[in-house]
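Taking it in order: structure first as structure tokens, then the write-up.
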Amino acid sequence: MKKFDPISLARPNVLKLVPYVGEREAYTGKRAPVLLDSNENPYGEEALIRYPDNTFRELKARIATVKGVTAQQLVLGVGSDELIDMFVRAFCEPGRDNILISSPTFGMYHYYATLNNVGILDAPLTDDFQLDVAAIKAKVQPHTRALFICTPNNPTGNRMDPQAVRELVEWFDGFVVVDEAYIDFCPQYGLTAELARYPNLILLHTFSKAWGMAGLRMGVSLSSPEIADLLGRVRPPYNITTLSMQHLAQALQHPEKVAETARRIAANRVRLTEYLEQSRLFSRVCPSDTNFLLVYAERAHTIFQRAFEEGIIIRSFGPNKGRLTNALRINVGTEGENERLIALLARLETELQ
Ligand SMILES: Cc1ncc(COP(=O)(O)O)c(C=O)c1O
């Protein structure tokens with residue numbers, strides 16, 4: 001296994017932080033405790049009187065079982081978005097360090113780097129939306145702290161070649177953050193098993209996509225326990241609410257439902273893809289391993305606008321957006337939603353001839 005010391009890459013101020021531990025967390029006595037340590041109001045709403053369990057002991061144990069890792073390898077965030085922010089704050093020195101992304105990709109890497117005054121290097125994906133390994137290697141600088149790799153990638157929908165990902169994780173002496181937000185749609189390609197081999201690898205997972213709980217705002221990072229400890233130091237105390245924890249704990253009892261929905265969405269995606277591919281409106285339908293499709297159309301804006309007027313909201317990237325010019329990102333919906341979309345597109349195909 002390669003040598004990697006995350007402590008040497010953590011920001012000095014982060015190393016000084018002692019994670020907040022409440023008094024009650026140390027209590028192991030048999031008597032029900034009288035909790036007078038946190039200035040709560042005992043006459044409040046019963047289920048919510050107490051601050052949430054900031055140790056996540058039970059919840060992490062459940063997530064660990066479902067993910068096939070140990071609880072010490074996990075950090076919970078308010079969506080995986082918060083984990084991106086936490087990574088940047090833990091390991092990137094503002095005004096000095098940078099991260100490397102491969103556009104077009106998920107916008108939040110850029111957002112949180114900018115928010116934290118951390119630089120962004122871009123080694124764009126190739127024409128078939130794969131990692132340009134040579135370009136990435138050429139772009140990396142001494143102060144590049146992390147390569148952000150999104151696979152399957154948003155907004156293109158495709159997976160990155162696993163050989164390229166491995167090559168980069170082995171080659172790079174900083175962190176490689178692999179965003180697997182959509183991995184539950186193609187679980188056989190997940191990199192969880194590689195965590196044991198690569199101490200610089202961080203995986204980001206979410207419960208917003210195949211788990212179907214975007215409103216819950218729950219994400220989790222998987223990494224070495226050493227990295228998790230450092231990331232955990234910048235996690236705001238009590239970031240996860242009691243209600244979120246309870247809800248997630250219940251959902252985790254039925255991981256088989258996720259596989260079921262993922263299969264259903266994949267079947268809907270295949271049907272939608274078949275329709276889009278034969279439609280004269282679209283010049284390109286990108287292969288997808290996710291719950292969305294990236295398509296290109298000369299009349300992209302008109303299609304977006306007409307769909308919007310009909311109450312069907314899809315994502316338009318607008319003009320002058322580089323390789324996303326004339327691109328639309330369309331979610332795979334329910335069978336009924338897809339039918340409504342297809343009916344509209346069929347009408348537009350005749351109208352826009
Ligand atoms: C690639 C990718 N990563 C992360 C996220 C954010 O997920 P969360 O809802 O967990 O913050 C998204 C959401 O669209 C995404 O597409």
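The values are calculated or read from the model by the stated rules, or taken from the named source; none is laboratory data. Remember, predicted model here, so these are calculated numbers, not experimental data. A quick note on method: Cβ atoms are made from the backbone with ideal geometry, for glycine too, and the neighbour counts reach across all protein chains shown. Areas reflect the complete protein model, heavy atoms only, side chains present, ligands, DNA and RNA absent. Shrake-Rupley method; radii C 1.70, N 1.55, O 1.52, S 1.80 Å.
Pairs from the list 2/60; 139/321; 2/257; 139/257; 137/257; 2/321 with a Cα-Cα gap above 32 Å: 2/257; 139/257; 137/257; 2/321. Taking a ≥ b ≥ c as the square roots of the eigenvalues of the Cα gyration tensor, an a/c ratio of 1.5 or more together with a/b no larger than b/c marks the chain as oblate. Angle of helix 57-67 to the longest C-alpha principal axis of the chain, folded into 0 to 90 degrees and rounded to 10: 40°.
Are there any trypsin sites (Lys or Arg not before Pro) in segment 84-175 that are in a DSSP loop and have at most 14 other Cβ atoms within 10 Å? List them by number. The qualifying sites are 96. Considering only 39, 200, 117, the mean-square fluctuation computed in a Gaussian network model of the chain, springs between alpha carbons under 10 angstrom, is largest for 39. For segment 85-159 versus segment 218-259, the spacing of their alpha-carbon centroids is 24 Å. Accessible area per residue for the chain is 50 Å², calculated with a 1.4 Å probe on protein heavy atoms, without ligands, DNA or RNA. Each Lys or Arg adds one and each Asp or Glu subtracts one; over the other residues with Cβ under 14 Å from the Cβ of residue 13, this totals +3. Summing +1 for each Lys or Arg and -1 for each Asp or Glu among the other residues whose beta-carbon sits under 11 angstrom from that of residue 151 gives -3. Note on the chain: with neighbouring protein chains present and a 1.4 Å probe, carbon and sulfur make up 53 percent of its accessible heavy-atom surface.
Extension gain, residue 250 to residue 229, is 5.0 nm, computed as 0.36 nm per intervening residue step minus the present C-alpha separation. In this label model, residue 28 and residue 325 are separated by 6.5 nm, measuring between points 7 Å along each Cα→Cβ vector. In loop segments of segment 239-286 as defined by DSSP, there are no GluC sites (Glu not before Pro) with at most 11 further C-beta atoms inside 10 Å of their C-beta. Heavy-atom accessible area for residue 126, with the other protein chains in place and a 1.4 Å probe, reaches approximately 40 Å². Calculate how steeply helix 162-171 sits against the longest principal axis of the alpha-carbon atoms of the chain, using the helix alpha-carbon long axis, and give the answer as 0 to 90 degrees to the nearest 10. Once rounded, the angle reads 40 degrees. Here is the list for segment 8-97: GluC sites (Glu not before Pro) lying in DSSP coil, each with at most 15 other C-beta atoms within 10 angstrom of its C-beta, are 40, 45.
Quick one: plug the Kirkwood hydrodynamic radius of segment 1-142 (C-alpha pairs) into Stokes-Einstein at 20 °C, 1.002 mPa s, and report D in µm²/s. For these conditions, the coefficient is 112 µm²/s.
Charge dipole (Cα centre; +1 on Lys/Arg Cβ, -1 on Asp/Glu Cβ; no other charges) of segment 256-351 amounts to roughly 320 debye.
Accessible surface ranking for 220, 34, 1.4 angstrom probe, highest first: 34, 220.
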